[in-house]
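The values are calculated or read from the model by the stated rules, or taken from the named source; none is laboratory data. Worth saying up front: this structure is predicted, and the values here are computed from it rather than measured. Note: ideal-geometry Cβ built from the backbone for every residue, glycine included; neighbour counts use all protein chains shown.
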């Protein structure tokens, strides 16, 4: 466990509140902290963001929402129309899976997106990360996430070299779950992704986003954390590859 987990959560959430990017699938900052994004928006954005940069996804997401503002609209759409809107994003299986998911949910779930990881995993094209993202971001379920950005952040916090094997990746999944707060789970997961996308980048010095080197390894529960969070650079704020 991280030494002072409560302080870590508080620091990360405070940094996120002040530095988060305004993205069209997120709740606007003017809304209360308790507000959650539209599950349909989260579903579509997570499908588009797979292997694709945020800056690339934004105009596609906006056009997609203009054409299919609800899950039912998407379910009734023509496959070729969907693929035309998707053109340029690549990985067209994502679009087909998204369309298939919409049809299943309308036919079998009355148009409701499941709130649990187990139910989400039954849908086409939804894996462990995407299920956790939808469950936590849209429904505040205590579900961990682990993409490349989060794995890098957690590895640096632990002082490890990263995710080099199946066993180490599973260990990172456990760590991601251990760190989850009881409230504001969606914001916390978003903050981890945001930190990895804007500050804890692959080329950034590890010291910019890990406990101070003069502190013992963070495994003892009594150790403290100095979480060094700096505002993201103003140049190219949307160039990162994760939400």
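The single condition among (1) at pLDDT 90 or above; (2) farther than 25 Å from residue 46 by Cα that residue 218 does not meet is (1).
Residue 6 satisfies every condition listed in (1) surrounded by fewer than 17 Cβ atoms within 10 Å (Cβ to Cβ); (2) in contact with a helix residue (DSSP H, G or I) (Cβ under 9 Å, 6 or more places away or on another chain); (3) without any contact (Cβ under 8 Å) to a residue 40 or more places away in the chain except (2).
Exactly one residue among 70, 36 is touching a helix residue (DSSP H, G or I) at 6+ places or on another chain (Cβ under 7 Å), within 28 Å of residue 185 (Cα to Cα) and modelled with pLDDT under 95, and that residue is 36.
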